[in-house]
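Working notes, beginning with the structure itself.
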């Protein structure tokens, strides 16, 4: 065993990992990376097929981001945001606000008689959990100051919004959250638009994304509206509706059918609820190319012309270099915390590394890359290729559903696609497939029985093909089932 692996075994505790299993074998110790490639301590190379847990947008060791960080290091690495301002954080806040309010965004259709406010203010924090914690606290306190003495929140079933106590309270994945039930405050959950396993979808399984062949009457939206109506009758409308736009990541890459987000948020607006968009995973171009070349769409909610009141960002904010997050909100929310010092209306929340200069310059460099014409075109080409490459996976009977939104894909593994019968999580089907992929030089991590593919934007055509082909070969190897030469729904 490599000396670094021994140190890991002796001292480290890894997140979301059963450490007894971890200690049974030598861990993969990554030492360097360039572009979409990672290299371990033995010199073996691997393709980074999930962008280092959905963070690394432009590839490892990107020269422009490296240069920005090196230049900032010569000036200052960090100073406190408590009582002081700094240049990189101010510039990044301006860029984020501009990107969050593209000139083409239509804002007039979400609420009769009015339109959502412009996102105008940025509160920096450290990661996705803290970005959501900030959004939650701001939504809670601003609602309370507006007269709602007991603000309540509605989020989606199977939601995951982070691991701080407030963020966990918004979540509804028992496997992750049940153990902490005694620490949490109560939130309500709404029906998740999971077309592949929706009890209201009357269609039989086909070799296609379930969203494309579903047969339903939007019962998921009826249930959502029923939630809002019931809460209103109690005399305490929901203070905010919390959601991941277009795709729920940790829930298993559950992709929403086209139009759901527009309709769902219109319902929430009609009942006076604010919108909290968790774009920790979906932000910064991950959900595809749209908008204009002069003002590209970077946020998933804007694909359906939805403008939230709170926009939580992290993961790709610094291009995958440094931990940094941001929560954007409106002038109206900001104004609710203004007052004389003696009124103590301050937002009493903060982080030691808020607005860190190194993270901010990495974010500025990343956003500059995202707005370059050549990178916009490259993302569009990669998205189309991913869509094409994924089609080959329908040949495997253990692939039940393939869900793609932009450069996010979730491949759901089943015992047989004709029945949609799922694997017991204890069987570790997803883990076994990812282990087999690693042996082929492709790294990703499963979400239960769903294999996630989120390639870095710099991934070459050959590298993307290798990622998908490795997944197919791993499925065939693990389940030892015959591969079909043609797809059939019979």
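Can residue 292 be described as crowded, with 24+ Cβ neighbours inside 10 Å and farther than 26 Å from residue 236 by Cβ?
No, not satisfied.
Determine the pairs where a residue that is within 15 Å of residue 57 (Cβ to Cβ), located within the stretch 373-390, has a partner that is surrounded by fewer than 17 Cβ atoms within 10 Å (Cβ to Cβ) with Cβ atoms under 7 Å apart, the partner being 6 or more residues away or on another chain.
Going by the 7 Å Cβ cut-off, the qualifying pairs are 376/293.
Have a look at 56, 101 and point out the one that is modelled with pLDDT of 95 or more, surrounded by 12 or more Cβ atoms within 10 Å (Cβ to Cβ), part of a loop (DSSP other than H, G, I, E, B) and not assigned by TED's automatic domain parsing to the domain that holds residue 307.
Exactly one residue qualifies, and that residue is 56.
Does residue 320 fit the bill of being under 23 Å from residue 373 (Cα atoms) and crowded, with 19+ Cβ neighbours inside 10 Å?
Spelling it out, residue 320 is indeed under 23 Å from residue 373 (Cα atoms) and crowded, with 19+ Cβ neighbours inside 10 Å.
Results for (1) surrounded by fewer than 18 Cβ atoms within 10 Å (Cβ to Cβ); (2) modelled with pLDDT of 95 or more; (3) over 27 Å from residue 376 (Cβ atoms), shown as yes or no for each residue.
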| site | (1), (2), (3) |
| --- | --- |
| 410 | no, yes, no |
| 432 | no, yes, yes |
| 439 | yes, yes, yes |
| 444 | no, yes, no |
| 456 | no, yes, no |
| 460 | yes, yes, no |
| 466 | no, yes, no |
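Right, residue 328: over 28 Å from residue 33 (Cα atoms), outside any loop (DSSP other than H, G, I, E, B) and in the same structural domain as residue 163 (by TED's automatic domain parsing) or not?
Yes.
Between a residue in the stretch 216-240 that is under 25 Å from residue 258 (Cβ atoms) and any residue that is modelled with pLDDT under 95 and exposed (fewer than 14 other Cβ atoms within 10 Å of the Cβ), which pairs come within a Cβ distance under 7 Å, given they are 6 or more apart or on different chains?
Within 7 Å, no pair qualifies.
Could you say whether any residue in the stretch 333-348 is within 18 Å of residue 280 (Cβ to Cβ) and either touching a strand residue (DSSP E or B) at 6+ places or on another chain (Cβ under 8 Å) or in the same structural domain as residue 93 (by TED's automatic domain parsing) (or both)?
no
The values are calculated or read from the model by the stated rules, or taken from the named source; none is laboratory data. Since the model is a prediction, treat every value here as computed from it, not as a measurement. Here Cβ is always computed from backbone atoms with ideal geometry, including for glycine, and neighbour counts include all displayed protein chains.
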